[in-house]
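These notes concern the structure reproduced below.
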Amino acid sequence: MNVRVFLLAIFWANQALTQGFAGLGTEAQGFSIPDPDYDITFPQDHGAHPDFRIEWWYLTATLEAEDGRAFGVQWTLFRSALRPEEAEGWDGGQVYLGHAGLTTAETHYRSERFARGGIGQAGVVAEPFTAFIDDWEMRGEGLDLQQLSLFARGMDFSYDLDLTADGPIIFHGQDGYSVKSPQGQASHYYSQPFYRVTGTLTLPEGDVEVTGNGWLDREWSSQPLAADQEGWDWFSLQFVDGARLMGFGLRGLETVFTSATWIDPDGTVTPYGDGELRMEALEWAEIAGREVPVSWRVELPERGVDIVTTPLNPGAWMDLSFAYWEGPISFSGSHEGRGYLEMTGY
Amino acid sequence: MLDITSLEKCFDTADGPVPVLRGVSLSVKEGDTLALTGESGSGKSTLLHLMAGLDDAQGGKITFEGQDLLSLSDADRAKVRRSRIGLVFQQFNLVPSLTVAQNLALQARLAGRHDPERVARLTDRLGLAGLEHRYPEQLSGGQQQRVAIGRTLVAGPRLVLADEPTGNLDEATGDAVMALMHELVTETGAALVMATHSRRLAEGFARRVHLRHGLLETR
Amino acid sequence: MPVLETLFSHWRRHPGQLATLVLGLALATALWSGVQAINEEARQSYARAASTLGAGQGERLISPDGAEIPVADYVSLRRAGWLVSPVMEGELALSGTTWRVIGVDPLTAPTGAIPQGAFETTADAPAFLGRPGLVFVAPDSAPAAPPDFPAIITSDAIAPGLMLTDIGTAARLLERNTLSFLTLVPTQPDGLPPLSTLTDLRREAPAGEQDLSRLTDSFHLNLTAFGFLSFAVGLFIVHASIGLAFEQRRPVFRTLRAIGVPFSRLITALAFEVTLIALVAGSAGVILGYVIAAALLPDVAGTLHNLYGAQISGTLAFRPVWALLGLAIAVLGTWVSSAQSFWHLITMPLLAPAQPRAWSMRSARATRRQAGVGAVLLVISAALAGIGGSLAIGFLSLGALLIGAALLLPGVVVVVLRIAERPIRSAYGEWVLADTRQLLPGLSLALMALLLALAANIGVSTMVGSFRLTFAGWLDQRLVSELYITAQDEYQADAIRDFLAPQVASVLPIAMAETRIDGLPATVFGIVDDDTYREYWPLLETVTDPWDRLADDTGLLINEQLARRSGLDLGDRVTLHPDLTLPVAAIYSDYGNPNGQAMISLDLLEQTFPDTDQTRSAFRTGDADVEALRQSVLARFDLPQGHIRDQASQKAVALRVFDQTFRVTGALNVLTLAVAGFALLASLLTLANMRLPQVAPIWALGQTRARLARTELIRTLGIVAVTWVIALPVGLALAWVLLAIVNVEAFGWRLPMTLFPADYARLLGYAMLSSTIAAALPALRLLRLPPAQLLKVFSNER
């Protein structure tokens, strides 16, 4: 058994890796399950929910240097529970995994960190907000995390960004209760999609000052995928007029379950249920030995959206303990703009 | 069945090539009995070996039942030997580690026509009954040679070549073995060619040829 | 099928010959594969040690004062971006055994910290981190554990005596929350703040697994060379018996071809026959090899532990790949041994005289040619020995020496016979010598095998004997003090020294620190200036006043290993520590320890190395009663078994360790000699049968069978004695190469060579005894031979 599978097995703490991507489609024994009546409250819910099996703090940013070069940055802290509690010490019950990505048109930098909770090496504090693993850190200010600072470091890259929110936090699905399958699997899910970003990317060839837009996703659950769902394709899109669109398709054995959230520039949210968002892979490429779609047609007829996406770097493959595609995209068609794409389970 | 024309054979020696056969021609028909006489070293054995496809000649031709023996491969010549030509040697050449019965059956088994009844019949005729489980070293010379004759005959050859078959036997035993071989070969209708230096033994054969200075003289 | 049946019928009629062949091949395979099994087991143990200690594969961070490291220090390094991984080590007593517990953090450990294959199922992984957790131990060693103990899982990948577990589980088992050291991941991210600004932990180079394998390589090469020698000796037997079987069956081959078996089919059948026999004998050999290896392994483990401190499991795992390799080498060896026979068969004209040739009859020219090749090999061997300088060259020189001597042997014996012939006048004597010359080609292979075994025996016993003698003398010099005490800790050591000081003539504290000299691990000793050292310490080379230099800190002493390894001479400067470089004042001999050593004054040691071990002391008791002192110390201080030793028992321990070290060599030596004896027996037995035609005429001419039998016996003994005489210089040359080249490379010291004539004479006695047995059987048979059988020779001849 190789070390990667070992770490992965520890991280997802499950018995069968064959079920769904990274084992997300397994039973939720002993853990809390998402409740449609739950009121998300801040600052508490910025912090960890150890009684849920998995959780993430997920930030993506589309960035641009002064000379016009485009970049993408990903910062993720995953939490996985070995048991539904968080205690002090070496066997505190929680394992954290950090993923950092930095995409340029030519290169996709990535790095990964594992740590257990309970000894101070990784964890999340709600007030003042801090999510950290080793020297990677996301610090926030304000009840709604209006200010964020973000740092991560890989072997040959690092980034240090400051983020300021231009709009409110928004809730997906029904007040943050986001349904993931026709059988009713769900998660708690909110976002802050309105960050303006400034900061520095440190690359082997030197530092690059950048500005751009950032998007924070917060999600926790104990069983977000149905057993037959093997992966998902997730978009966060920023239109030139200031509106935002979050959409995803969960690929089942035969059908794809879609969901979308339209976000007006002022933060007004309209959720769209299964089937209203349409996604079609237009072009496939072989990346790291797997067939992965690199160009999508995305339609939301209700909003007159009919666009085609293009990746900044088709090779944005996060080749880590578990592998997936995550990188910045641009799109054109009925609307223009930039965004982030995540594709798992390929 | 066997036609030899202008056969030539030399041996290489330290003093240069020595011709042994200098254009020998001979023809053997089915059922023939032929005695090949000559002094020791006259080339009798060499001629027999060539007839059996055991050796190569420098010139001439040997046709056996329509096949040009000298142009055949080792494997094809071996096939001819095991199924159509039988050899009887002066030193018997039995396999010392096989019993009488196994030695008797050996060539027939190699030829793929082993017939236990035929072996049993021959064992009786050769006077070897009761000795089946002995090893060659436990037999007298006459008995050993009878086993060798039997080994050759069970395979049902069309031509039997015998090289001084009684050379290692006393006269009385030799005569008895000789008579038995003659009788059995004649019964199967095979041709018999025997090399011997003894004129007395050659008497009993229908044809006699004498090899001298590498050439055949018919008597 | 009739062809195969006919071929096999030969073996049915000659079971003794088959037994010789099978036994010879089985023995050869057994010794070869036995040695391979031992080496493989040791290699696996090193790999296990390397991967579990593996935490130690990279650099470590340790506390400068040797203290434990708080978890907070680890966390703050991680939070600063440094990729380090915590390791907690400790000892745990469980059901009467003390286990070494190593707790690692799989989430941060570098690759290789967890042995490959330790986790059989993915379910183990989360359980590893949780409660009660999992511990991995070596197979067959799982202790009886209390009910709340972590689940015990056995794994081949774990070294014996070790418990590998998660750091959380280790913390609970050891009831501790501090770390032993941090492993530094080999590659660190760019742009980190310097380590020295973050922590006062000290970087330490990886601990010595590579050193271990470097040291033990020589030992394994040694074993391999022995295994190969045995295999080669065994192949002589195979060669002889296959050659005989082919020669004996020549008439049968001819008959088979005459009655219609194609040549190709005959060759195929023979190849099949030889391969089948090789497989059967090889299988027996592999099983036997496993038994030999299993029997020798505990000794090997002891040796490796004594010499190098390597931990080897004493139980042997059966590895299918090893068994297959053993079979393959058996088949390959058989093919090689029978190649000559096949070649003869292929080039034999179909009509060649069907009489068996006098077996292996060789022309004088062939013997001369062989002797020429042998002489060239001897020259090459001498040249290689002259070059020296590496283990491989040493062994190449040994190989050339042995093979060259073996090839030369028949020629030498022929010359000896020719010389012996001159004064002989009697007809019978002349016949005996002439007959012996004729016999020689058939015997020569067995004699060559015997020569190899005798020479190896002489060489190795000379080497071991010389070593032991030197070692014992060195012990007398080195262990002058009457009492040696290792205290539990430094406070106790101080107390003991204070307690004994008024009662003894002098107190000699032994302080030491570990360091690296020239990149290799070495120990630095700190000593006080005392007459004991000045009078007795075994110096090999020295300046005029080494002890004064040492006392006033203007010089240091190094051991022979270090001097040879690093090419140091008197006056050369040696760096013990970044702050301490001193010239060499003397070089001392130091046996039974592969590592480098240096000696400086105690004060300088304490100043330079903060982390010293000062628990040991030696005491010159003067007129005091050693046993009374011992008892008084034991009564007053709590000292574990073996921590207080008088001079005699200290010496006994050292010599016992020494003897165990060479036990395996001795065992292999005896086995090789046994194989050679067997080869001789086999050759004599087969020759006896073939020699009737030579003996019968002599008998007919009026010699009694008794005299003939006696002659046979005496002749064999004579030939064996000549072989021994030739083996003697070869063996001594072998010993010289072992002492002057191989040992220097393998251990780092050179020993004076001592001769042991009594041992050599005893070996001659053994050789004579075994060849008497070997020759007696054929001689007895000749004696009892019914005259009719001899007569048959005449009636059967042509």
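The values are calculated or read from the model by the stated rules, or taken from the named source; none is laboratory data. Because the structure is a prediction, the values reported are computed rather than measured. For neighbour counting, all protein chains shown are included, and Cβ atoms are generated from backbone atoms with ideal geometry for every residue, glycine included.
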Report task. For C:Ala456, state whether it is under 26 Å from C:Ala733 (Cα atoms), under 35 Å from the mean Cα position of the chain (by Cα), surrounded by fewer than 16 Cβ atoms within 10 Å (Cβ to Cβ) and of a type outside the set (Val, Ile, Thr). Result -> no
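Okay, residues lined up against (1) within 14 Å of another protein chain (Cβ to nearest Cβ); (2) in contact (Cβ under 8 Å) with a residue 24 or more places away in the chain; (3) buried (at least 21 other Cβ atoms within 10 Å of the Cβ):
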residue	(1), (2), (3)
C:His239	no, yes, yes
C:Pro251	yes, yes, no
C:Ile259	yes, no, yes
C:Thr268	yes, no, no
C:Val274	no, yes, yes
C:Ser283	no, yes, no
C:Pro298	no, no, no
Query raised in the report: Can we say A:Arg251 is under 19 Å from the mean Cα position of the chain (by Cα) and not hydrophobic (A, V, I, L, M, F, W, C)?
Result: yes
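Let's see how each residue does on (1) more than 21 Å from A:Gly154 (Cα to Cα); (2) buried (at least 20 other Cβ atoms within 10 Å of the Cβ):
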site	(1), (2)
A:Glu205	no, no
A:Gly212	yes, yes
A:Arg218	yes, yes
A:Ser222	yes, yes
A:Phe235	yes, yes
A:Val240	yes, no
A:Leu245	yes, yes
Report summary line: Reported set for the range A:185-203 where residues are surrounded by 19 or more Cβ atoms within 10 Å (Cβ to Cβ) and within 14 Å of another protein chain (Cβ to nearest Cβ) is A:Leu201
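For every residue, the table says whether it meets (1) surrounded by 14 or more Cβ atoms within 10 Å (Cβ to Cβ); (2) in contact with a Pro (Cβ under 8 Å, 6 or more places away or on another chain); (3) in a loop (DSSP other than H, G, I, E, B).
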site: C:Ala144; (1), (2), (3): no, no, yes
site: C:Phe149; (1), (2), (3): yes, yes, yes
site: C:Leu182; (1), (2), (3): yes, yes, no
site: C:Pro186; (1), (2), (3): no, yes, yes
site: C:Pro193; (1), (2), (3): no, no, yes
Query raised in the report: Residues in the range A:109-122: is at least one in a strand (DSSP E or B), more than 14 Å from chain C (Cβ to nearest Cβ) and among the aliphatic types (A, V, I, L, M)?
Result: no
Report task. Return the residue satisfying two criteria in turn: it lies in the range C:167-186 and is within 38 Å of the chain's Cα centre (by Cα) and over 16 Å from C:Tyr74 (Cα atoms), and of such residues it is nearest to the other protein chains (Cβ to nearest Cβ). Result -> C:Ala170
**Report entry** A:Asp91 vs. criteria within 9 Å of chain C (Cβ to nearest Cβ), of a type in the set (Asp, Glu) and under 19 Å from A:Met318 (Cβ atoms)
**Finding:** no
Query raised in the report: When you scan the range C:151-180, how many residues do you find that are assigned to a loop (DSSP other than H, G, I, E, B) and not β-branched (Val, Ile, Thr)?
Result: 10
Query - In the range C:708-750, residue modelled with the lowest pLDDT [restricted to those that are of a type in the set (D, E, K, R) and part of a helix (DSSP H, G or I)] - result: C:Glu745
Query - Selected residue (only one of A:Asp51, A:Asp45, A:Asp67 is acidic (Asp, Glu), closer than 27 Å to A:Val125 by Cβ and either assigned to a loop (DSSP other than H, G, I, E, B) or modelled with pLDDT under 90 (or both)) - result: A:Asp51
Report summary line: Those residues of the range A:125-149 which are within 26 Å of A:Gly212 (Cα to Cα), in a strand (DSSP E or B) and not small (Gly, Ala, Ser) amount to A:Thr130, A:Phe132, A:Ile133, A:Trp136, A:Glu137, A:Met138, A:Arg139, A:Glu141, A:Gln147, A:Leu148
Query raised in the report: Do you know which residues across the range B:57-89 are more than 10 Å from chain C (Cβ to nearest Cβ), part of a loop (DSSP other than H, G, I, E, B) and free of Cβ contacts under 8 Å to residues at least 24 places away in the same chain?
Result: B:Gly66, B:Leu72
**Report entry** Which listed residue, of A:Trp75, A:Trp90, is at pLDDT 95 or above, under 20 Å from C:Arg79 (Cα atoms) and not charged (D, E, K, R)
**Finding:** A:Trp75
Report summary line: Among C:Arg468, C:Arg437, C:Arg425, the single one that is basic (Lys, Arg), farther than 29 Å from C:Leu21 by Cβ and assigned to a helix (DSSP H, G or I) is C:Arg468
Report summary line: Subset of the range B:43-56, residues away from chain C (no Cβ under 11 Å) and more than 20 Å from B:Gly156 (Cα to Cα), comes to B:Gly43, B:Lys44, B:Leu47
Query - Failed item, numbered, when B:Ser25 is tested on (1) in a strand (DSSP E or B); (2) touching a residue at least 12 places away in the same chain (Cβ under 8 Å); (3) over 17 Å from B:Ala195 (Cα atoms) - result: (3)
Query - Index of the failed condition, A:Glu141 passing every other in (1) in contact with a helix residue (DSSP H, G or I) (Cβ under 9 Å, 6 or more places away or on another chain); (2) closer than 30 Å to C:Leu192 by Cα; (3) among the acidic types (Asp, Glu) - result: (1)
Query raised in the report: Being farther than 30 Å from C:Leu655 by Cα, modelled with pLDDT of 85 or more and touching an Asp or Glu at 6+ places or on another chain (Cβ under 8 Å), is that true of even one residue in the range C:318-337?
Result: yes
Query raised in the report: Among all residue pairs at least 6 apart or on different chains, which show Cβ distances below 6 Å where the first residue, located in the range A:137-164, is more than 14 Å from chain C (Cβ to nearest Cβ) and the second is charged (D, E, K, R)?
Result: A:Gln147/A:Glu141; A:Ser149/A:Arg139; A:Ser149/A:Asp162; A:Thr164/A:Arg196
Requested in this report: Considering each residue of the range C:79-111, count those that are more than 9 Å from chain A (Cβ to nearest Cβ), in a loop (DSSP other than H, G, I, E, B) and in contact with a strand residue (DSSP E or B) (Cβ under 8 Å, 6 or more places away or on another chain), and give that number.
Outcome: 1
Query raised in the report: What tally of residues in the range A:110-138 results from selecting those that are of a type outside the set (S, T, N, Q) and under 17 Å from the mean Cα position of the chain (by Cα)?
Result: 10
**Report entry** Any helices (runs of 4 or more DSSP H) falling wholly within the range B:134-219 and containing at least 3 residues that are buried (at least 23 other Cβ atoms within 10 Å of the Cβ) and touching a strand residue (DSSP E or B) at 6+ places or on another chain (Cβ under 6 Å)
**Finding:** B:141-154
Query raised in the report: Restricting attention to the range B:55-106, and to residues there that are over 16 Å from C:Leu256 (Cβ atoms) and touching a helix residue (DSSP H, G or I) at 6+ places or on another chain (Cβ under 6 Å), which single residue is surrounded by the most Cβ atoms within 10 Å (Cβ to Cβ)?
Result: B:Val100
Report task. Could you look through the range C:46-72, keep only residues that are buried (at least 21 other Cβ atoms within 10 Å of the Cβ) and modelled with pLDDT of 85 or more, and pick out the one that is nearest to the other protein chains (Cβ to nearest Cβ)? Result -> C:Ile69
Query raised in the report: Does B:Pro116 satisfy the condition of being surrounded by fewer than 20 Cβ atoms within 10 Å (Cβ to Cβ) and touching a helix residue (DSSP H, G or I) at 6+ places or on another chain (Cβ under 7 Å)?
Result: no
